[in-house]
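A.B. asks: Provided herewith is a single structure, encoded as structure tokens, for subsequent inquiry.
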Amino acid sequence: MNLLPLIVVYPLILAIIFNFLYKNRFIKIFVLLTALSLLTLPFLGDFGTYFFSNHGVINGLVSGISYIYNPAKQVMVFTLMLIASLVLISMAGEKKLNGLIASLVLMGLASVSAILLADDLFNIYVFYEIAAIAQTGLVIASGTESAFKSAFKYMIVGTVAGSLLLLGIAFLLSATGTLNITDMHNYLANNPATPPIYGGLLMLIIGLGYGSGLPPFHTVKADMYAKAKPFISAILQTYSKFILVAMMLVIFKLFGGLSYFAPTQGIIMALSIFAMVFGVVMALLQSDYKKLLSYHAISQGGYVAAGLAIGTPLGIVAGIFHAINHVIYKSALFLGAHLVAQKKSNNLSKLGGLLPVMPVVAFMILCAKLAISGAPPFNGFQSKILLAQSAMAVNMPELAIIMIFVSIGTFVSMMKAFYLIFLKPCSEEQLNEYKNTKVSKYSIFSLAILTILCVILGIYPDIVINQITPYATEIGRIWSL
């Protein structure tokens, strides 16, 4: 029996249960058991196409909702489940633990998993909106006035962006007569483009930007990451990166190889470059550690989008691999920020001298900073090398050079932050204050797992690359300027 639907159904059921538990005295045990159980879900489903309610192919067209599962999607779903599990484990160390945040994490987890698996546009839209609601709720759950304002802005913008995405799906449905992505591509490949098709493509790109944090929605996303609690920001940026991957792959499955899609690739590439450069420049200017990390999340999203926008098999492999690497080291950095904030604050000017107080944590955070900077032997180095190679393969050395310069800027800002937090001298009084403040061992455990993964994937990248390559070869197309 194929248990693939459990990837989506199981977290949704748990989300309902946690919503009722709220402040049950056994909630910590429930959270930890849930975290462990999530890791089994990616291995329950069979590879291939899953049709719900005994639907299938009728008269050459897919009837009903279908999910597509393959090794590439298994790796992405497993990474998503892993980050969610580690965030839940970190959450278990919070003094004011309640079921609401766990419920929202699980709701977002189910939604993003469905977006990765679904092969029909309307199902993607439904879970896209649920994911947006879950993210808004997670920011509100941080409990500060600034978090409320940030969530409200995201919700207002999402009302417009979500409506436009639904309108685009309606345009494509009216033009092709189907919502199934595979059937829709077959129609688009064999029929001339019409205004509704152009409109549908435009609306999909708007939906892509809002869900992933690409321009012009980058500042809204960065503000959400900065205002949420750091361990919540870890899962928020994970949702965004996998929505980016899923939506980009949908767009390429629909329009890849069509003559009128080439200008669209150029537009997405331009947005990606802007996100890369804008994110790293803004990060260099920040004095708040969470804001610095938030803008780097935007910048690294630009790397992912650029690789996918190239559209070759190598570019798609590099983009997906970098998305996986990014959510690992960025989650490590946000969890590190959570530990730092427990000692003092996120204001870099008020920090300093933490190295003798938490040397192991400092080392793990340093590893994550080197990973995001693209330094060997960490995972970020492997995916950034692939991204540069994919740009060179299509005769775009300028893009490879931009990636290198952005990585240098990333390294500078990360090392500046590391100095201000751990190496800058502090008073004896402040040092004693640090020593008297305990940090969560649950968060340290999660940070350690992520740091180990940064090293493992940096030394053995083929663990992931070999799983992605067949899918990328199927979707990607060879071209060169």
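A.B. asks: Take the stretch 376-395 and flag every residue that is surrounded by 18 or more Cβ atoms within 10 Å (Cβ to Cβ) and outside any helix (DSSP H, G or I).
C.D. replies: Phe378
A.B. asks: Of the residues that sit in the stretch 313-353 and are farther than 19 Å from Asn70 by Cα and among the β-branched types (Val, Ile, Thr), which one is modelled with the lowest pLDDT?
C.D. replies: Val340
A.B. asks: I'm trying to understand the selection: among the residues of the stretch 423-481, which are of a type in the set (D, E, K, R) and part of a helix (DSSP H, G or I)? Explain how you work it out, then say what you get.
C.D. replies: Of the residues in the stretch 423-481, the ones of a type in the set (D, E, K, R) are 424, 428-429, 433, 435, 438, 441, 462, 474, 477.
If the condition is that a residue be of a type in the set (D, E, K, R) and part of a helix (DSSP H, G or I), then Glu428, Glu429, Glu433, Lys435, Lys441, Asp462, Glu474 are the ones that fit.
A.B. asks: Of the residues that sit in the stretch 18-44 and are under 20 Å from Leu80 (Cβ atoms) and β-branched (Val, Ile, Thr), which one is surrounded by the most Cβ atoms within 10 Å (Cβ to Cβ)? Break it down stepwise before answering.
C.D. replies: Taking the stretch 18-44 and keeping what is under 20 Å from Leu80 (Cβ atoms), we get 18, 31-44.
From the residues that got through so far, the ones that are β-branched (Val, Ile, Thr) too are 31, 34, 40.
Values: Val31: 26, Thr34: 23, Thr40: 11.
Among those residues, the one meeting the criterion is Val31.
A.B. asks: For a quick check of your reading of the model, give me the residue pairs whose first member lies in the stretch 410-436 and is open to solvent by 20 Å² or more (accessible area, probe 1.4 Å), whose second is modelled with pLDDT under 75 and assigned to a helix (DSSP H, G or I), with beta-carbon atoms closer than 9 Å and at least 6 apart or on different chains.
C.D. replies: The qualifying pairs are Cys426/Tyr434; Glu433/Lys343.
The values are calculated or read from the model by the stated rules, or taken from the named source; none is laboratory data. None of these values were measured; they are calculated from a predicted model. Note that each Cβ is placed from the backbone with ideal geometry, even for glycine, and that neighbours are counted across all protein chains shown. The area values use the complete protein model at the heavy-atom level, side chains included, leaving out ligands, DNA and RNA. Shrake-Rupley method; radii C 1.70, N 1.55, O 1.52, S 1.80 Å.
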